[in-house]
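Comments concern the structure below.
The values are calculated or read from the model by the stated rules, or taken from the named source; none is laboratory data. Just so you know, these numbers come straight off a predicted model, no measurement behind them. Here the Cβ positions follow ideal geometry from the backbone for every residue, glycine too, while neighbour counts run over all protein chains shown.
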Amino acid sequence: RNHRKIVVVDGAIAFTGGINVTDEENEAVNPRAYHDLHLRLEGAIVRWLQLAFLEDWHYATGTALRDARLWPEPPPGRLVAQALPAGPDSPWEPIHRVKVEAIHQANHRVWLVTPYFVPGEAARMALTSAALRGLDVRVVLPARSDSLLVSAAARSYYDELLAAGVRVFEYQPRMLHTKALLVDDDSCIIGSANFDHRSFRLNFELSVALHDAGVARGLQDEIGQTLHQCREVKGDDPPGPAWRRLGDACARLLSPLL
């Protein structure tokens, strides 16, 4: 499955993130459109997003686009940015590796926003280890996902996260579709990849890692506004009905496939 979201204009401007090209995700048309996040990029990073698009085009059509006008000379940029394409054509799981390593390298903060949370052991241990080190670790998820099965699997991890000191928040108003990781005050990863097996191993995905205090502050503000519309899950919350907890546990058994 190709889950990338890439728009490149004249080889000079690129857009990527979580937003699909559909009226269903246009807030001017649909008041229940997903709460999402996207990047507008210029500079040399555009070439890497365009290369990912052209590789997908070649794979899908069997033809190559060779027009030299596709590759204008980019202006010098002011940020350090790296494109992270990933897919089942590579065994290295680059987005998975970069996110886990970024969490391990964090010094005081890890804020994760994802619509689908089905982490493998390495990702789960990175989050809980950061919390056990005393870092401010927050995971923001939708209260009502568009997949009941994935939501049930995500809830099955709450007890472990809360026991380690991770703070878990559920976004209330509508479906949360943002995929972002903020580490400390200067590093963030934004793109199409969820924090789950499917995005890390099965889908073709694309994320962008940015190292800049200004971008990090902007993402901090965006996540902060999202947190104002969340309910924090507490360890002493009343347990849900037994049937739901059983359903969550059963959904977790399917985690490698979700």
*asked:* Tell me whether segment 184-193 contains one or more residues that are surrounded by 24 or more Cβ atoms within 10 Å (Cβ to Cβ), modelled with pLDDT of 95 or more, in contact with a Phe, Trp or Tyr (Cβ under 8 Å, 6 or more places away or on another chain) and not aromatic (Phe, Trp, Tyr).
replied: yes
*Among the residues of segment 79-86, is any in contact with a Leu (Cβ under 9 Å, 6 or more places away or on another chain) and closer than 11 Å to residue 200 by Cα?*
yes
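So in segment 137-177, with the set limited to residues that are assigned to a loop (DSSP other than H, G, I, E, B) and of a type in the set (Ser, Thr, Tyr), which one is nearest to the chain's Cα centre (by Cα)? Spell out the reasoning first.
Here is the first cut: in segment 137-177, the ones assigned to a loop (DSSP other than H, G, I, E, B) are 143-147, 156-157, 165-166, 172-175, 177.
With of a type in the set (Ser, Thr, Tyr) added as a condition, the list becomes 145, 147, 156-157.
Numbers: 145: 15, 147: 16, 156: 20, 157: 18 Å.
The extreme case among them is 145.
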*Would it be correct to say that residue 207 is at pLDDT 75 or above and not in a helix (DSSP H, G or I)?*
yes
*From the list 32, 4, which residue is assigned to a loop (DSSP other than H, G, I, E, B), at pLDDT 95 or above and either surrounded by 15 or more Cβ atoms within 10 Å (Cβ to Cβ) or more than 18 Å from the chain's Cα centre (by Cα) (or both)?*
4
*asked:* Looking at segment 14-23, can you tell me whether even one residue there is within 17 Å of residue 114 (Cα to Cα), of a type in the set (S, T, N, Q) and touching a residue at least 60 places away in the same chain (Cβ under 8 Å)?
replied: yes
_Output for segment 7-29, where each listed residue is within 21 Å of residue 204 (Cα to Cα), among the aliphatic types (A, V, I, L, M), surrounded by fewer than 18 Cβ atoms within 10 Å (Cβ to Cβ) and at pLDDT below 95_ = 21
_Can you list residue pairs whose Cβ atoms sit under 7 Å apart, with the first residue in segment 82-95 being farther than 20 Å from residue 41 by Cβ and the second being assigned to a helix (DSSP H, G or I) and among the aromatic types (Phe, Trp, Tyr)? Count only pairs 6 or more apart in sequence or on different chains._
93/200
*Criterion violated by residue 175 - all others in (1) in contact with a Phe, Trp or Tyr (Cβ under 6 Å, 6 or more places away or on another chain); (2) surrounded by fewer than 19 Cβ atoms within 10 Å (Cβ to Cβ); (3) modelled with pLDDT of 95 or more satisfied*: (3)
*So which residues in segment 61-77 are free of Cβ contacts under 8 Å to residues at least 12 places away in the same chain and not polar (S, T, N, Q), if there are any at all?*
62, 64, 65, 66, 67, 68, 73
*Considering only residues that are modelled with pLDDT of 95 or more and surrounded by fewer than 16 Cβ atoms within 10 Å (Cβ to Cβ), look in segment 95-121 and name the one that is nearest to the chain's Cα centre (by Cα).*
97
*Being of a type in the set (D, E, K, R), without any contact (Cβ under 8 Å) to a residue 24 or more places away in the chain and farther than 26 Å from residue 115 by Cβ, is that true of even one residue in segment 38-45?*
no
